[in-house]
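Every read-out reported here was derived from the displayed coordinates using simple, explicitly stated rules and does not represent laboratory data. Predicted model only: the values in this text are computed from it and were never measured. Here Cβ is always computed from backbone atoms with ideal geometry, including for glycine, and neighbour counts include all displayed protein chains.
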Amino acid sequence: MAKGKIAIIGDGNVGTNLKKGLERTGYEVRSVGKEPDKVRELAKWGECIILAVPPNEIDSAVKEMGDGFKGKVVIDPSNIVDASYDFAGDVDRSGAEKLQAQLRDAQVVKAFNTVFAENMSDGKASGETLTLFYAGNDDKAKKQVREMGEALGFDPVDAGPLSNARWLETLGFLNITLGYKQEMGTDIGFRLVHPDAKTERPTEMAASQRA
């Protein structure tokens with residue numbers, strides 16, 4: 001039995017990898033690319049919507065959804081950078097907060113933006129569990145995102161209200177900077193050390209399998 005219906009708007013690297021991982025873990029997932037006439041239909045179908053489009057296409061996607069987003073959880077995994085991978089966001093008001101202002105009848109949660117797309121399907125980089133930071137104003141919406149992250153393999157951490165998406169977006173920029181400008185590649189990521197963290201390393205996994 002499917003865990004829930006996830007509508008992914010966008011079929012690039014982010015949308016593709018999330019679809020792969022979520023389907024593997026038992027969610028019913030449908031996605032759409034640049035097909036404006038199908039976006040509203042898909043948004044209405046989904047119980048949760050992942051807006052996996054570039055920042056410069058968010059306004060168009062919002063318009064194409066019509067009223068399909070009403071009453072839904074909308075996940076925003078975007079990072080606002082320019083063509084040179086420099087930060088183009090706003091630390092006084094995050095992109096997620098602006099999206100929430102557009103989607104007043106939805107619950108926006110910032111999530112997945114601090115992770116490279118290649119690591120989204122299983123929540124790991126270099127074989128180690130990554131932290132999934134998420135921020136939002138609605139506890140039920142955040143619970144859905146936490147469960148989704150746990151199913152994928154992440155260690156989900158509640159980063160607080162949606163206003164804290166400002167800091168998640170700057171953290172996402174740091175991840176991009178390390179990966180591309182510092183040439184560390186995309187098999188990297190952040191892990192928060194905390195008492196309940198899911199942090200089993202490959203060597204520990206091997207030892208537990210031998211026991």
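Could you tell me which of the residues VAL29, VAL62 is among the aliphatic types (A, V, I, L, M), in contact with an Asp or Glu (Cβ under 9 Å, 6 or more places away or on another chain) and either part of a strand (DSSP E or B) or under 25 Å from ILE176 (Cβ atoms) (or both)?
Details: VAL62 fails: in contact with an Asp or Glu (Cβ under 9 Å, 6 or more places away or on another chain).
Only one candidate qualifies: VAL29.
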In region 73-95, is there at least one residue being more than 18 Å from THR170 (Cβ to Cβ), surrounded by 20 or more Cβ atoms within 10 Å (Cβ to Cβ) and free of Cβ contacts under 8 Å to residues at least 40 places away in the same chain?
-> yes
By residue number, the members of region 130-141 that are in contact with a helix residue (DSSP H, G or I) (Cβ under 7 Å, 6 or more places away or on another chain) and closer than 14 Å to LYS110 by Cβ are LEU132, PHE133, TYR134, ALA135, GLY136, ASN137
What number of residues within region 122-141 satisfy the criterion of being over 14 Å from ALA165 (Cα atoms), in a loop (DSSP other than H, G, I, E, B) and among the charged types (D, E, K, R)?
-> 1
Among the residues of region 142-167, the number that are surrounded by 19 or more Cβ atoms within 10 Å (Cβ to Cβ), in a helix (DSSP H, G or I) and touching a helix residue (DSSP H, G or I) at 6+ places or on another chain (Cβ under 8 Å) is 5
Go through region 68-87 and give me each residue that's under 19 Å from the mean Cα position of the chain (by Cα) and among the aliphatic types (A, V, I, L, M).
-> VAL73, VAL74, ILE75, ILE80, VAL81
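Among the candidates LYS98, LYS110, LYS44, which residue alone is surrounded by 14 or more Cβ atoms within 10 Å (Cβ to Cβ), outside any helix (DSSP H, G or I) and without any contact (Cβ under 8 Å) to a residue 60 or more places away in the chain? Break it down stepwise before answering.
Numbers: LYS98 fails: outside any helix (DSSP H, G or I); LYS44 fails: outside any helix (DSSP H, G or I).
Selected residue: LYS110, the only one of LYS98, LYS110, LYS44 that is surrounded by 14 or more Cβ atoms within 10 Å (Cβ to Cβ), outside any helix (DSSP H, G or I) and without any contact (Cβ under 8 Å) to a residue 60 or more places away in the chain.
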